[in-house]
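What follows is a single structure, written as structure tokens, with notes after it.
The values are calculated or read from the model by the stated rules, or taken from the named source; none is laboratory data. What you see is a predicted model, and the numbers here were worked out from it, not measured in a lab. Ideal geometry is used to build each Cβ from the backbone, glycine not excepted, and the neighbour counts take in all protein chains shown.
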Amino acid sequence: MVPSLLAGRLSLEERSSQDQVYLREAVLGVIAQVGEIDELIRGAIRGRSLKSVAHIEHNVLRLAIWEMLNRLEIPYRVIINEALELTRSYAGEPARGFINAVLDNLARKLRPEETMRSKS
């Protein structure tokens, strides 16, 4: 079902073949790792239930965490910045602080060497 929805959406938009490949990889990658990703989110949203997180915020977090886990060539700061831009576009300013805090926390866990280097 998701591959056909994705193909339909891509047929409506003008995207480079590189964008299409990455979008497919990201969507299918998040789906394949959604359980692991959601567990990471649960552990990072101290004091909140995953059900209390808005769908758009949840999915922005999923995409960013998938990238942190699987796209090591992308610096974690770039991933966080892109997630914050998506959040600004689709969820508004108030959600940005939440997204930033969760991703910053998880970056230290998922990419400890990289985060330590950036603080030096």
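Limited to the stretch 91-105, what total is found for residues that are loosely packed, with under 15 Cβ neighbours inside 10 Å and within 13 Å of residue 61 (Cα to Cα)?
3
Among 34, 78, which is the only one that is out of contact with any helix residue (DSSP H, G or I) (no Cβ under 8 Å at 6 or more places or on another chain) and at pLDDT 95 or above?
78
How many of the residues in the stretch 70-94 are of a type in the set (A, V, I, L, M, F, W, C) and either more than 17 Å from residue 109 (Cα to Cα) or in a loop (DSSP other than H, G, I, E, B) (or both)?
6
Can you pull out every residue in the stretch 60-89 that is polar (S, T, N, Q) and closer than 16 Å to residue 115 by Cβ?
Of everything in the stretch 60-89, just one residue is polar (S, T, N, Q) and closer than 16 Å to residue 115 by Cβ, namely 81.
Among the residues in the stretch 37-48, are any within 17 Å of residue 26 (Cα to Cα) and of a type outside the set (Val, Ile, Thr)?
yes
For the stretch 39-54: of the residues being in a loop (DSSP other than H, G, I, E, B) and among the charged types (D, E, K, R), which is nearest to residue 101 (Cα to Cα)?
46
Identify, from the list 108, 9, 48, the residue that is surrounded by 11 or more Cβ atoms within 10 Å (Cβ to Cβ), of a type in the set (Lys, Arg) and at pLDDT 95 or above.
None of the others qualify; the one that does is 108.
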